[in-house]
Amino acid sequence: MEDRLKQALHQGREHYQKHEFDKAEPLLLMVVQAHDGFADVHNMLGVIAHERGEFAAAERHFERATELNPNYTEALLNLAVTYNDQAKYEAGRRIYGQIRSVRERSSDNLDPFVRGKIANMHAELAAAYDDAGLRTDAIRELERAVTMCPTFADLQTRLATLYRDTGDLTRARHHYELARDANPSYAPARLMLGVTLLALNDVEGAKAEWRAVLETDPDNKSALMYLRMADNLPPSSVPRGP
């Protein structure tokens, strides 16, 4: 591929990732007009068209993406949704069947992309329950989310925070630790784990978490503040609750 097209492809992908679709589209179209072999470019163009309600154009791009890569789960799922948006329900069911047959499944035969989508749907429902004050239901949905995707540090952290807010510090600690172990550089998990450990009277454990944050982010204001606070606490004043 010539340098001009390589640059257009690179810039188009960057704009797409930033949701700058008006800037991404002409660059991506330039690429497919010169070289029609990029499945991900067709998928991106399909998403842009779908976002605008141009379902026929979206369908064409998603179909081409799946022709180029029959195992492209994201494009298959996008195509199924687009078929359903146009009341092409039988075609949509056929694509869902194709998704189920894609190789390289996880141990329970659920594609990792689909698994992540479902987990995030549970997380969105949890947020709705939490906003409505139904915290028990929110916890239930986030438990489902982390069961599906235990390495999603952000979901583990959200679940831990819900447990912390209900006063269940033991479960909160457990899920903050799972989040930290899944992604040791995810600062929110380590910051809140430190707060929870402090509430459980584990001052040194709390300090260790905040110091770990500062190793990767020396200017993290929360970690610095928490450490100063812990250093100035007399032993008898260490909190035991949230």
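The values are calculated or read from the model by the stated rules, or taken from the named source; none is laboratory data. These numbers come from a predicted model, not from an experiment. Note that each Cβ is placed from the backbone with ideal geometry, even for glycine, and that neighbours are counted across all protein chains shown.
See the values below:
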read-out	value
Helices (runs of 4 or more DSSP H) completely within the range 150-207 that count 1 or more residues being outside the structural domain of residue 116 (by TED's automatic domain parsing) and touching a Cys at 6+ places or on another chain (Cβ under 9 Å)	153-165
Selected residue [surrounded by fewer than 18 Cβ atoms within 10 Å (Cβ to Cβ) and either touching a strand residue (DSSP E or B) at 6+ places or on another chain (Cβ under 7 Å) or among the charged types (D, E, K, R) (or both)] from 67, 25, 59	67
Matching residues in the range 94-149 - criterion: being at pLDDT below 85, assigned to a loop (DSSP other than H, G, I, E, B) and surrounded by fewer than 18 Cβ atoms within 10 Å (Cβ to Cβ)	102, 103, 104, 105, 106, 107, 108, 109, 110
The lone exception for residue 130 - which of (1) of a type in the set (Asp, Glu); (2) over 22 Å from residue 233 (Cβ atoms); (3) assigned by TED's automatic domain parsing to the domain that holds residue 224 it fails	(3)
Cross-chain or 6+ apart pairs with Cβ under 7 Å, the range 60-89 first and in contact (Cβ under 8 Å) with a residue 24 or more places away in the chain and assigned to a helix (DSSP H, G or I), then hydroxyl-bearing (Ser, Thr, Tyr) and surrounded by fewer than 18 Cβ atoms within 10 Å (Cβ to Cβ)	none
Failed item in (1) touching a residue at least 60 places away in the same chain (Cβ under 8 Å); (2) part of a helix (DSSP H, G or I), with residue 211 passing the rest	(1)
Test: residue 8 is part of a helix (DSSP H, G or I), under 25 Å from residue 112 (Cβ atoms), at pLDDT 85 or above and not aromatic (Phe, Trp, Tyr)	no
